[in-house]
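Asker: I'd like to ask you about the structure that follows.
The values are calculated or read from the model by the stated rules, or taken from the named source; none is laboratory data. Nothing here was measured: the structure is a model prediction, and the numbers come from that model. Cβ: placed from backbone, ideal geometry, glycine included. Neighbour counts: every protein chain shown.
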């Protein structure tokens, strides 16, 4: 009887794996869970790219803002950049996190393509990104007026994502 049962082990393993795959296919890959949702942003003390000083997130208290993780090495970041410029023109406060990048290249990139950010913070070694739980770039975090992470979007932020997912939350969390 034991030898006969061994014949069913591959079938059982296949069914378990198929079930897990089926469950995974029903999820939106852009909706990656984050342990930071509804928690304070980790302590933010990074050098600002253009200001030569250390910035603290407390400077942004009292308003909702977006923390956009990007890098010059990121092809998708170039795709989302024109829309970030549009959001900045609309008055949305954006802070860039130049992730695992060379600051000189970042300065050149922003000079050529335009700078939508109120400040750009340098995370050359990726330590702050690690605290955020960054998977890659681009990623955008909505931070409320009290400094609480309210939403995380993985991938390109475009007009549809803004309108359908982020803008309603941005408006909701804009006031303390």
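Here is a yes/no grid of residues against (1) in contact (Cβ under 8 Å) with a residue 40 or more places away in the chain; (2) within 23 Å of residue 59 (Cα to Cα):
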site: 93; (1), (2): no, yes
site: 98; (1), (2): yes, yes
site: 126; (1), (2): no, yes
site: 138; (1), (2): yes, no
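Asker: Would you be able to say whether some residue in region 116-123 is outside any strand (DSSP E or B) and surrounded by fewer than 21 Cβ atoms within 10 Å (Cβ to Cβ)?
Answerer: Step one: of region 116-123, the residues outside any strand (DSSP E or B) are 116-118.
In the following step, the residues that additionally are surrounded by fewer than 21 Cβ atoms within 10 Å (Cβ to Cβ) were identified as 118.
Looking through region 116-123, at least one residue is outside any strand (DSSP E or B) and surrounded by fewer than 21 Cβ atoms within 10 Å (Cβ to Cβ).
Asker: Return yes or no: is residue 157 modelled with pLDDT of 95 or more and under 14 Å from residue 63 (Cβ atoms)? Don't jump to the end; show me each part of the working.
Answerer: Details: modelled with pLDDT of 95 or more: yes; under 14 Å from residue 63 (Cβ atoms): no.
It is false that residue 157 is modelled with pLDDT of 95 or more and under 14 Å from residue 63 (Cβ atoms).
This table checks each residue for (1) modelled with pLDDT of 95 or more; (2) closer than 29 Å to residue 146 by Cβ; (3) touching a strand residue (DSSP E or B) at 6+ places or on another chain (Cβ under 7 Å).
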site	(1), (2), (3)
68	yes, yes, yes
72	yes, no, no
77	yes, yes, yes
84	yes, yes, yes
90	yes, yes, no
97	yes, yes, yes
105	yes, no, no
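Asker: Just to be sure before I move on: is residue 86 surrounded by fewer than 16 Cβ atoms within 10 Å (Cβ to Cβ), out of contact with any helix residue (DSSP H, G or I) (no Cβ under 6 Å at 6 or more places or on another chain) and within 18 Å of residue 42 (Cα to Cα) in the structure I sent?
Answerer: Values: surrounded by fewer than 16 Cβ atoms within 10 Å (Cβ to Cβ): yes; out of contact with any helix residue (DSSP H, G or I) (no Cβ under 6 Å at 6 or more places or on another chain): yes; within 18 Å of residue 42 (Cα to Cα): no.
So residue 86 fails the test.
Asker: Can you confirm whether residue 139 is at pLDDT 95 or above and touching a strand residue (DSSP E or B) at 6+ places or on another chain (Cβ under 8 Å)?
Answerer: For residue 139, the condition - at pLDDT 95 or above and touching a strand residue (DSSP E or B) at 6+ places or on another chain (Cβ under 8 Å) - is met.
Asker: Also: Let me confirm something: among 59, 80, which residue is closer than 19 Å to residue 91 by Cα and surrounded by fewer than 19 Cβ atoms within 10 Å (Cβ to Cβ)? Reasoning before the result, please.
Answerer: Numbers: 80 fails: surrounded by fewer than 19 Cβ atoms within 10 Å (Cβ to Cβ).
Going through 59, 80 in turn, just one is closer than 19 Å to residue 91 by Cα and surrounded by fewer than 19 Cβ atoms within 10 Å (Cβ to Cβ): 59.
Asker: Here's another thing I want to ask about it. Give me the residue from region 130-146 that is over 8 Å from residue 69 (Cα atoms) and not in a loop (DSSP other than H, G, I, E, B) and, out of that set, nearest to the chain's Cα centre (by Cα).
Answerer: Looking at the filtered set, the residue picked out is 141.
Asker: I'd like the full set of residues that are buried (at least 18 other Cβ atoms within 10 Å of the Cβ) and in a loop (DSSP other than H, G, I, E, B), limited to region 157-173.
Answerer: Our first condition is that a residue be buried (at least 18 other Cβ atoms within 10 Å of the Cβ); within region 157-173, this holds for 157, 162, 166, 170, 173.
157, 173 - these are the residues of region 157-173 that are buried (at least 18 other Cβ atoms within 10 Å of the Cβ) and in a loop (DSSP other than H, G, I, E, B).
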